[in-house]
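First the structure, in the form of structure tokens, and then the observations on it.
The values are calculated or read from the model by the stated rules, or taken from the named source; none is laboratory data. The shown structure was predicted, so the numbers you read here are calculated from the model rather than taken from an experiment. Cβ placement follows ideal geometry from the backbone for every residue including glycine, while neighbour counts extend to all protein chains displayed.
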Amino acid sequence: MNVIIKPIVTEKMTQKTESLNDYGFIVNRKANKIEIKKAVENNYGVKVLSVRTMVYRGKEKSRFTKTGVIKGKTNSLKKAIVRLKKDNSIDFYNN
């Protein structure tokens, strides 16, 4: 099972990284906090202090087009916010 799907690189997460040393990841929905912690430590070679998770459910969306209404659904996902020790950091751009 792949635990980490992709890192979250947004303006808000960059600000959290600079101020609190927090990093965001989209993770597998079945992964728990212990598995997420081990995956981050193994993949990036850092020491994790804490892991916070949140689950987002998929939302129904609709769009009006020339041919009519198109209905769909966004994917559900799980996010993890990982806090590292002060001297550790992850560089997403060079890896």
- Cβ pairs under 9 Å, 6+ apart, first in the range 43-64 and under 15 Å from Pro7 (Cα atoms) and of a type outside the set (S, T, N, Q), second at pLDDT 95 or above and surrounded by fewer than 10 Cβ atoms within 10 Å (Cβ to Cβ): Val51/Ile34
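Matching residues to (1) of a type in the set (A, V, I, L, M, F, W, C); (2) in contact with a His (Cβ under 7 Å, 6 or more places away or on another chain); (3) more than 20 Å from Lys85 (Cα to Cα):
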position	(1), (2), (3)
Leu20	yes, no, no
Phe25	yes, no, no
Lys37	no, no, no
Arg52	no, no, no
Lys59	no, no, yes
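What tally of residues in the range 1-47 results from selecting those that are in a loop (DSSP other than H, G, I, E, B), among the charged types (D, E, K, R) and out of contact with any strand residue (DSSP E or B) (no Cβ under 6 Å at 6 or more places or on another chain)? Before the answer, list the steps.
Looking only at the range 1-47, we keep the residues that are in a loop (DSSP other than H, G, I, E, B), and these are 1-3, 9-10, 21, 28-32, 45-47.
Restricting the remaining residues to those that are among the charged types (D, E, K, R) gives 29-30, 47.
This time we only want the ones that are out of contact with any strand residue (DSSP E or B) (no Cβ under 6 Å at 6 or more places or on another chain), so: 30, 47.
The qualifying residues number 2.
Can you go through Lys78, Lys47 and tell me which one is modelled with pLDDT of 95 or more and either over 22 Å from Asn21 (Cα atoms) or loosely packed, with under 15 Cβ neighbours inside 10 Å (or both)? Steps first, answer last, please.
Numbers: Lys78 fails: either over 22 Å from Asn21 (Cα atoms) or loosely packed, with under 15 Cβ neighbours inside 10 Å (or both).
Of Lys78, Lys47, the one residue that is modelled with pLDDT of 95 or more and either over 22 Å from Asn21 (Cα atoms) or loosely packed, with under 15 Cβ neighbours inside 10 Å (or both) is Lys47.
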- Note on the structure: Inside the range 56-74, the number of residues satisfying the requirement of being within 17 Å of the chain's Cα centre (by Cα) and surrounded by 10 or more Cβ atoms within 10 Å (Cβ to Cβ) is 3
- Qualifying residue in the range 22-32 (condition: more than 17 Å from Val3 (Cα to Cα) and in contact (Cβ under 8 Å) with a residue 40 or more places away in the chain): yes
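Report yes if Ile4 is closer than 19 Å to Tyr93 by Cα, in contact (Cβ under 8 Å) with a residue 24 or more places away in the chain and surrounded by 13 or more Cβ atoms within 10 Å (Cβ to Cβ), otherwise no.
On the way: closer than 19 Å to Tyr93 by Cα: yes; in contact (Cβ under 8 Å) with a residue 24 or more places away in the chain: yes; surrounded by 13 or more Cβ atoms within 10 Å (Cβ to Cβ): yes.
So Ile4 fits the description; yes.
Can you pull out every residue in the range 48-79 that is touching a Gly at 6+ places or on another chain (Cβ under 7 Å) and either in a strand (DSSP E or B) or of a type in the set (Gly, Ala, Ser) (or both)?
Filtering the range 48-79 for residues touching a Gly at 6+ places or on another chain (Cβ under 7 Å) gives 61, 73-76, 79.
Correct list: Lys61, Lys73, Ser76, Lys79.
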